[in-house]
Amino acid sequence: MTESVEELDQRNFSQLLAAVGRDRDIEAFETIFKYYGPKVRAYMAKLARDGQAAEELMQETMLAVWNKAEQFDPTRGNVSSWIFTIARNQRIDAFRREKRPTFDPSDPAFVPDDVPPADVEFEGRQEADRLRRAMETLPPEQLELLKMSFYREASHSMIAAELGLPMGTVKSRIRLAFAKLRAALEERA
């Protein structure tokens, strides 16, 4: 290119940006970068008031220009407006990242209570007592099947084999035990 960066006008920048988007033209991007990089950095320095942050935001902006060059539409605006819109969006995203609180796993709001509230614990004990009393009313063979099934987590077929009972008998006794427990718990409620 024979023109210096200063001599380029917006029409030329549109053509350069089109070449970047279409052909991934590195020379065209270098020209855009040399012209707009310092301007974007100055804009970011004014907003961020931090030279390092301004440099990083300029780099992110120009990377986005490289990646999105094919999306530029000269009928919707000029190159300068498009690049500075990207820069503004990069700054907004960075601001949101800065202002987002960091997650503290030891924050009391996120740590479950070691001890349940007294009312929950009291209700739980009451329910356990009601269930224990209701289980005491069951015939011994039904109580034994429930204990095997739920405390030992034995399957119905294992219970049947261990006690030498038909599978149907095991299932019907467990069903009867549940019906009696349900009835006992409902009448005590």
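The values are calculated or read from the model by the stated rules, or taken from the named source; none is laboratory data. A quick note: this is a predicted structure, and the numbers were derived from the prediction, not measured. Cβ sites come from the backbone with ideal geometry, for glycine too, and all protein chains shown count toward neighbours.
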Qualifying residue in segment 94-107 (condition: of a type in the set (A, V, I, L, M) and farther than 30 Å from residue 39 by Cβ): no
Any hit, segment 111-131, residues being touching a helix residue (DSSP H, G or I) at 6+ places or on another chain (Cβ under 6 Å) and either surrounded by 13 or more Cβ atoms within 10 Å (Cβ to Cβ) or over 18 Å from residue 183 (Cβ atoms) (or both): yes
Among the candidates 162, 127, 153, residue that is without any contact (Cβ under 8 Å) to a residue 24 or more places away in the chain and more than 41 Å from the chain's Cα centre (by Cα): 162
Condition met for residue 147 (modelled with pLDDT of 90 or more, within 46 Å of the chain's Cα centre (by Cα) and either closer than 19 Å to residue 183 by Cβ or charged (D, E, K, R) (or both)): no
Those residues of segment 46-70 which are free of Cβ contacts under 8 Å to residues at least 24 places away in the same chain and of a type in the set (A, V, I, L, M, F, W, C), in sequence order: 54, 63
Test result for residue 69, closer than 23 Å to residue 94 by Cβ, in a helix (DSSP H, G or I), small (Gly, Ala, Ser) and modelled with pLDDT of 85 or more: yes
Answer from 87, 94, 161 - the residue that is within 30 Å of residue 21 (Cβ to Cβ), modelled with pLDDT of 90 or more and among the small types (Gly, Ala, Ser): 87
Scan of segment 166-184 for residues that are surrounded by 15 or more Cβ atoms within 10 Å (Cβ to Cβ) and of a type in the set (A, V, I, L, M, F, W, C), ordered by number: 170, 174, 176, 177, 181, 184
